[in-house]
Amino acid sequence: MALYRLMNHGVIARLGPPIKQGKESLVIHAVAPGGRELAVKVHTSKVFGKRERKQYLFGDWRYRHAKRHITLRTESMWAEKEYRNLARLEKVGILAPRPVGFEENIVVMTLVGGNGVAAPQLNDLPSGDYTALSRIVLRAMERLVSRAHLVHGDLSPYNIVVWDRKPFVIDVSQAVLVSHPDAAHLLENDFRKVAAFFEQKDVNADDFYHIGAELTEDVRQHQKESLIRPDLLADSE
């Protein structure tokens, strides 16, 4: 019914075959009324395990009332969260799928790829200019925190895809505000995993560690100030 409503409202003109099956979602190819290729991401119930509920949702200021509704619309909140996070990325100019709409547990975004095929993950590239890619990824990670006020929380070569020699950040449903209690820890992990990948490709990753440490300290400072001034939470919403 959610898919039907999206089609009835003119968000989707035609559905295609599945293009990606994961443990947390199913991604289906679709076409918009104007012919633009879309990715229709259907969040499944498996996404809301105990860890995700505690770490990614309950600590997010935007979903501070989620506990009372968690048994009724968990997947719907996850889809809405991804849509809102994608909108933040688009607003500050980070390369990512553009949000198109959401309904219940489904979020619709532009397809990063072409002809019904999703762009390959950074981890699966047969070859590439990894030095150039690392610079773009580093800028995106820095802007994600300083401009979008978000921490991805699960960034790795599996959540970065490459299309037309440009890296795109994907899978942002779990991304949290910098005011989240675990934001600093999650940010450290993001930088560590991405830096380790580029080091394996013989790229100097010193800037990842240096900038990552600075941003992590900024996030910790923001968290301390938020405890004193709760209005800062609303400012970052």
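Condition (residue is in a loop (DSSP other than H, G, I, E, B) and at pLDDT 95 or above) applied to the stretch 185-192: is it met by at least one residue? Spell out the reasoning first.
So the first thing to find is which residues in the stretch 185-192 are in a loop (DSSP other than H, G, I, E, B), and the list is none.
For the stretch 185-192, residues in a loop (DSSP other than H, G, I, E, B) and at pLDDT 95 or above: absent.
A Cβ distance below 9 Å, combined with a sequence gap of six or more or placement on separate chains, defines the contacts here; from the stretch 81-94, residues that are farther than 14 Å from Asp171 by Cβ and in a helix (DSSP H, G or I) reach residues that are open to solvent by less than 50 Å² (accessible area, probe 1.4 Å) and of a type in the set (D, E, K, R) in the pairs Arg84/Arg62. Any residue in the stretch 205-228 that is farther than 14 Å from Ala96 by Cα, in contact (Cβ under 8 Å) with a residue 24 or more places away in the chain and not in a helix (DSSP H, G or I)? Yes, that holds for at least one residue. When restricted to residues that are surrounded by 16 or more Cβ atoms within 10 Å (Cβ to Cβ) and of a type in the set (Gly, Ala, Ser), the stretch 25-43 contains 4. If you filter the stretch 100-155 down to residues that are in a helix (DSSP H, G or I) and acidic (Asp, Glu), you find that the one that is most open to solvent (accessible area, probe 1.4 Å) is Asp124. Residues of the stretch 189-206 that are among the acidic types (Asp, Glu) and open to solvent by 40 Å² or more (accessible area, probe 1.4 Å): Glu199, Asp202, Asp206.
The values are calculated or read from the model by the stated rules, or taken from the named source; none is laboratory data. Bear in mind the structure is a predicted one, so any value in this text is a computation, not a measurement. Cβ atoms come from the backbone with ideal geometry, glycine included; neighbour counts cover every protein chain shown. Note: areas computed on protein heavy atoms with side chains; ligands, DNA, RNA excluded. Shrake-Rupley method; radii C 1.70, N 1.55, O 1.52, S 1.80 Å.
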